[in-house]
Amino acid sequence: MTNRRPSATAGMTVGLLGGSFDPPHAGHVHISEVALRRLGLDRVWWLVSPGNPLKKRGPAKIGRRLAACEALLDNRASIHPTDIETRLGTRYTADTLRALQRFYPGVRFVWLMGADNLVEFHRWNQWIDIFSMVPIAVFARPGHQVKAGLSIAAARFASSRLDARRAAALPYRDAPCWTLISHPMRAHSSTAIRARGEW
């Protein structure tokens with residue numbers, strides 16, 4: 001259930017896809033399925049955030065966004081939307097990761113994000129700490145893959161980059177470790193969906 005803390009036991013590998021999901025769309029599902037397959041994850045959790053500190057506009061009410069996630073996922077066994085950030089009282093990714101590692105000892109978390117986020121990752125609160133807490137999988141996004149590879153964060157952690165051909169090893173690597181995964185991309189965008197008045 002989305003209104004409860006998701007279940008995971010020591011030894012499991014869990015991908016964390018954070019975002020406002022305002023609204024969720026097929027692109028979120030696609031990246032999650034690529035992550036499950038390429039990284040060999042047991043689960044992917046969608047961390048439906050209270051709000052993005054880097055965005056001025058507030059998202060729709062979290063209950064509406066969670067319901068939309070559930071409807072889109074249609075009971076997929078390995079992908080779970082959750083409001084755990086709201087329940088933990090965390091707003092920044094670094095704080096969320098610390099709390100999750102405390103509540104789920106022995107679970108191997110991997111942070112999942114699109115290449116567009118890596119481009120501006122150096123603007124995130126405690127971004128260097130995030131790299132040092134969990135392995136990170138970055139997924140290609142239309143128009144952002146080259147920029148991501150040349151980003152400040154990519155340059156800062158260049159020596160910690162794992163070849164994408166070895167991505168299945170990422171969940172078992174100690175942080176900092178990250179990889180940039182190419183895959184057939186989807187052009188879906190929450191911003192575009194809202195602009196069309198479909199949300």
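The values are calculated or read from the model by the stated rules, or taken from the named source; none is laboratory data. These numbers were taken from a predicted model, which means no experiment stands behind them. Quick reminder, even Gly has a Cβ in these numbers, built from the backbone with ideal geometry, and neighbours come from all protein chains shown.
Applying the set (1) loosely packed, with under 15 Cβ neighbours inside 10 Å; (2) of a type outside the set (Asp, Glu); (3) part of a strand (DSSP E or B) to residue 46 leaves exactly one unmet item: (1). Considering each residue of the range 106-113 in turn, none proves to be more than 16 Å from residue 12 (Cβ to Cβ) and either in contact with a helix residue (DSSP H, G or I) (Cβ under 6 Å, 6 or more places away or on another chain) or polar (S, T, N, Q) (or both). When the residues of the range 70-87 are filtered to those that are more than 21 Å from residue 136 (Cα to Cα) and of a type in the set (S, T, N, Q), the one that is modelled with the highest pLDDT is 86.
To keep it simple, each residue is scored yes or no on (1) at pLDDT 95 or above; (2) among the hydrophobic types (A, V, I, L, M, F, W, C).
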{"site": "57", "(1), (2)": "no, no"}
{"site": "68", "(1), (2)": "yes, yes"}
{"site": "89", "(1), (2)": "no, no"}
{"site": "97", "(1), (2)": "yes, yes"}
{"site": "134", "(1), (2)": "yes, yes"}
{"site": "141", "(1), (2)": "no, no"}
{"site": "147", "(1), (2)": "no, no"}
{"site": "159", "(1), (2)": "yes, no"}
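Taking the listed residues 93, 179, the one that is of a type in the set (Ser, Thr, Tyr), modelled with pLDDT of 95 or more, within 27 Å of residue 61 (Cβ to Cβ) and touching a helix residue (DSSP H, G or I) at 6+ places or on another chain (Cβ under 9 Å) is 93, with no other qualifying. Taking residue 45 as the residue in question, decide whether it is in contact with a Leu (Cβ under 6 Å, 6 or more places away or on another chain), over 23 Å from residue 153 (Cα atoms) and of a type outside the set (Gly, Ala, Ser). Judged against the criteria, residue 45 is a match.
In this structure, is residue 108 at negative phi and either surrounded by 18 or more Cβ atoms within 10 Å (Cβ to Cβ) or of a type in the set (Ser, Thr, Tyr) (or both)? Break it down into steps so the answer makes sense when it comes.
Details: at negative phi: yes; either surrounded by 18 or more Cβ atoms within 10 Å (Cβ to Cβ) or of a type in the set (Ser, Thr, Tyr) (or both): yes.
Yes: the conditions hold for residue 108.
Which residue, of 84, 79, is hydrophobic (A, V, I, L, M, F, W, C), more than 25 Å from residue 128 (Cβ to Cβ) and buried (at least 20 other Cβ atoms within 10 Å of the Cβ)? None of the other options fit; the residue is 79.
Report yes if residue 48 is in contact with a Cys (Cβ under 7 Å, 6 or more places away or on another chain) and under 25 Å from residue 12 (Cα atoms), otherwise no.
Details: in contact with a Cys (Cβ under 7 Å, 6 or more places away or on another chain): yes; under 25 Å from residue 12 (Cα atoms): yes.
Considered against the rule, which asks whether it is in contact with a Cys (Cβ under 7 Å, 6 or more places away or on another chain) and under 25 Å from residue 12 (Cα atoms), residue 48 comes out as yes.
For the range 10-28, residues that are aliphatic (A, V, I, L, M) and either part of a strand (DSSP E or B) or at pLDDT below 95 (or both) total 4.
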